[in-house]
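Every read-out reported here was derived from the displayed coordinates using simple, explicitly stated rules and does not represent laboratory data. Just so we're clear, the structure is a prediction, and the values are computed from it rather than from any experiment. Here the Cβ positions follow ideal geometry from the backbone for every residue, glycine too, while neighbour counts run over all protein chains shown.
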Amino acid sequence: GHGRNKASNGADELAWRDAGYGQGMTAELLRQTVSQMQAEGIYRKMLILTEPCYSEAVITPLVGIPGVLAMSSAGRYEQSFADCWSNVLGVWRCARFSRTLVTHLTAVLGDSQSTSTYRDLYLYCAQRTLGSHVHIVNSANFGNLYTTSPRELFSFR
């Protein structure tokens, strides 16, 4: 999908290319959905990752919701640039942010001895994402990013 922001005559939202303004996952709809999930005790902790352009604008309203950490590939006024082209499909498959995110998480989750933290995840993505700035929001309501790990969100058998 794509991202839009209010500054570009739209809504702060994540949307499919052909969707009209306000018909995607708006920042307000995301906030309402996550707030309701929190109130109903549906999650203990949640990590929300957004890749599209202007994605910080969509996650900023999540500030204040307990147990939620959100990371975006681009600031509220920045585009997120495609990075991985598929000759077979004839499309861009993802941005550098997603590729580095998956690379890091795969390494962390594949190593039972890994001590990688959420801070490490953020730094890894921020240092390798080109053309935009990775943002992290709501850390004050999530836990200590220096001592907790993404491994806590995944079940291992």
Net charge dipole size for the chain [Lys, Arg +1 and Asp, Glu -1 on Cβ; Debye, nearest 20]: 200 debye
Loop GluC sites (Glu not before Pro), segment 1-99 (other Cβ atoms within 10 Å of the site Cβ: 10 or fewer; DSSP): E40
Rounded to whole Hz, the Karplus (6.51, -1.76, 1.60) HN-Hα couplings of segment 143-151, x for glycine and proline: x, 6, 5, 7, 10, 9, 10, x, 4
Reciprocal mean inverse distance between Cα atoms of segment 83-157 - Kirkwood radius, Å: 13.8 Å
Correct choice for mean projected area of the Cα convex hull in nm² that was computed from the model, options [x] 10.4; [y] 11.7; [z] 9.2: [x]
Per DSSP, loop trypsin sites (Lys or Arg not before Pro) in segment 4-78 with at most 12 further Cβ within 10 Å: R17, R44
